[in-house]
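**Q** My structure is below; once you've seen it, I'll send some questions.
The values are calculated or read from the model by the stated rules, or taken from the named source; none is laboratory data. Since the structure is predicted, the reported quantities are computational estimates derived from the model, not experimental observations. Note that we place each Cβ from the backbone using ideal geometry, even for glycine, and neighbour counts take in every protein chain shown.
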Amino acid sequence: MPTTKRTVDVQLSTSGLDAQGRPVRVPLVTDQQGNVVPMAAPEAIEPDLAGEHMLINIGPQHPATHGVLRLVLELDGETVVRCVPHIGYLHCGFEKIGEYRTYNQVIPWTDREDYLNSPGNNVAFALGAERLFGLEITERCKVLRVIALELSRIMSHLVWWGTTCIDIGAFTPFLWLFEERERIYELLEMWIGARLTTSLTRVGGMAADIPDGFMDKLTGFVKSLPKTIDEAERMLSKNGVWVGRTIGIGAMSGEEALNYGLSGPMLRASGVAYDVRRDFPYLDYETYDFDVPVGTSGDVYDRYLVRVEEIRQSVRILEQAIRRLPDGPVNVDDHRVILPPKQKATSDMESMIHHFKQVMEGPRPPIGEAYVAVESPKGEKGYYMVSDGTPKPVRWRIRPPSFVNLSAIPKMVEGHLLSDVIAINASIDIVMGEIDR
């Protein structure tokens, strides 16, 4: 697997430990050639100058917590000794509510978990339900879902990148990246009529086929996006402030990342090339040509490089999907799960009965259980559902990558400065709707 290219290599000094064995931040300076280099490691603090530890709260309302997250920090001066994350301020009960809804009625709830990845959540839930129902979707539907997934991945990474720029102190790239995000919203609005909460899929197909002119607009977006990505990366990758705030910060080794159950860019930045699209393919991803970028140091800088490269790989996948999109129906030809055409429902008795039973009761899968995982922008996103033969799942369970990835923040921030907590938290890329589910 290709490794991300670290254009700047500045790390903590190997001797940068204080008297308690905690790593000491090495300040960064610029030499005469303009290269960013570390200063000599500072001496340990004199024991006589040590003071009492202080407890502070970051959140739950804080512009850099990316949702209603509360971090209780124990500080020794400006150094983090301990971090305790508190969640639950946004608890919505998605899983329990889903047990009282038909399968298609659950789809709008998936929009509201990771609301930066609504189309991706819609597709993942539909795949799980279709495995439960024993349905095989059409070829056109498969390609359209790949387009939805990769647009959603790009959209999510653009939001992460822009908001991380704000957290660390860069403003101009934020404007460029959110302008590209707006173009994706225009595509989604053209396709389904909604921007943020799309409810794009249905069990057995899609809520709607793409309209005329959609592919031309998508092609234009795919061609122009790399230029913006290159320009934003050029602004940051060798910027002294950016590398000083990200290199050597919040590092996780591959073994540590695996032990914490991390996935997605968080895991790949630590050198572990695990991608659900490659290791457990779905929607024919094994037939697409793309690379899985991995990092080497597992720090905030590597997570940045991995996500930027993932945007480029999503562009590659979209280019292939545009070329291979076939003609044909977008929904399965089974009126037990897909509503019959309106003209048939008002003129044909059998179609009318199917229409009535779906609307009033909902389709009934056989008794069983299913779990389907996809590679969401934040990591492995899984849906587990159990059927007792009724139109509603008796159990719906979400495997959210944000929840698992957040569990590693106490490990990542320990020994770093208070200001580093903001950069580390941003690098995890959490959405609290996915955590407080």
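**Q** When the residues of segment 38-64 are narrowed to those that are touching a strand residue (DSSP E or B) at 6+ places or on another chain (Cβ under 7 Å) and assigned to a loop (DSSP other than H, G, I, E, B), which ends up modelled with the lowest pLDDT?
**A** M39
**Q** Where the second residue is of a type in the set (S, T, N, Q) and part of a helix (DSSP H, G or I) and the first is closer than 25 Å to L158 by Cα and lies in segment 247-269, which pairs have Cβ atoms under 7 Å and are six or more apart or on separate chains?
**A** These pairs meet every condition: G250/S427; L262/N405; M266/N405.
**Q** Considering segment 388-434 alone, what residues qualify as being among the acidic types (D, E) and surrounded by fewer than 23 Cβ atoms within 10 Å (Cβ to Cβ)?
**A** D388, E414, D420, listed by residue number.
**Q** Name the single residue that is surrounded by the fewest Cβ atoms within 10 Å (Cβ to Cβ) among those in segment 283-300 being of a type in the set (S, T, Y) and modelled with pLDDT of 95 or more.
**A** Among those residues, the one meeting the criterion is T287.
**Q** On to the next question. Quick one: in segment 301-329, of everything that is more than 30 Å from H416 (Cα to Cα) and among the β-branched types (V, I, T), which residue is surrounded by the most Cβ atoms within 10 Å (Cβ to Cβ)?
**A** I317
**Q** Something else now. Considering only residues of segment 301-332 that are β-branched (V, I, T) and not in a loop (DSSP other than H, G, I, E, B), which is farthest from the chain's Cα centre (by Cα)?
**A** Among those that are β-branched (V, I, T) and not in a loop (DSSP other than H, G, I, E, B), it is I322.
**Q** Would you mind stating whether I249 is of a type outside the set (S, T, N, Q) and out of contact with any His (no Cβ under 7 Å at 6 or more places or on another chain)?
**A** No, not satisfied.
**Q** If G250 satisfies every condition in (1) at positive phi; (2) surrounded by fewer than 20 Cβ atoms within 10 Å (Cβ to Cβ) but one, which is the exception?
**A** (2)
**Q** Looking at segment 265-273, is at least one residue crowded, with 22+ Cβ neighbours inside 10 Å, in contact with a Phe, Trp or Tyr (Cβ under 8 Å, 6 or more places away or on another chain), in a helix (DSSP H, G or I) and hydrophobic (A, V, I, L, M, F, W, C)?
**A** yes
**Q** Which of the residues spanning segment 208-227 are under 26 Å from A126 (Cβ atoms) and either among the acidic types (D, E) or in a loop (DSSP other than H, G, I, E, B) (or both)?
**A** A208, D209, I210, P211, D212, G213
Here's the yes/no breakdown for (1) over 18 Å from the mean Cα position of the chain (by Cα); (2) modelled with pLDDT of 95 or more; (3) within 30 Å of W242 (Cα to Cα):
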site	(1), (2), (3)
V80	yes, no, yes
H91	yes, no, no
I97	yes, no, no
Y100	yes, no, no
F133	yes, no, no
L151	no, yes, yes
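**Q** Go through segment 194-207 and give me each residue that's surrounded by 14 or more Cβ atoms within 10 Å (Cβ to Cβ) and in a loop (DSSP other than H, G, I, E, B).
**A** Listed by number, the residues that qualify are A194, R195, T197, T198, S199, L200, V203, G204, A207.
**Q** Return the residues of segment 355-392 that are more than 24 Å from L149 (Cα to Cα) and among the polar types (S, T, N, Q); say none if nothing qualifies.
**A** If the condition is that a residue be more than 24 Å from L149 (Cα to Cα) and among the polar types (S, T, N, Q), then Q358, S387, T390 are the ones that fit.
**Q** Still on this structure: Looking for something in a helix (DSSP H, G or I), surrounded by fewer than 16 Cβ atoms within 10 Å (Cβ to Cβ) and of a type in the set (S, T, Y) - is there at least one such residue anywhere in segment 228-245?
**A** No, the conditions are met nowhere in segment 228-245.
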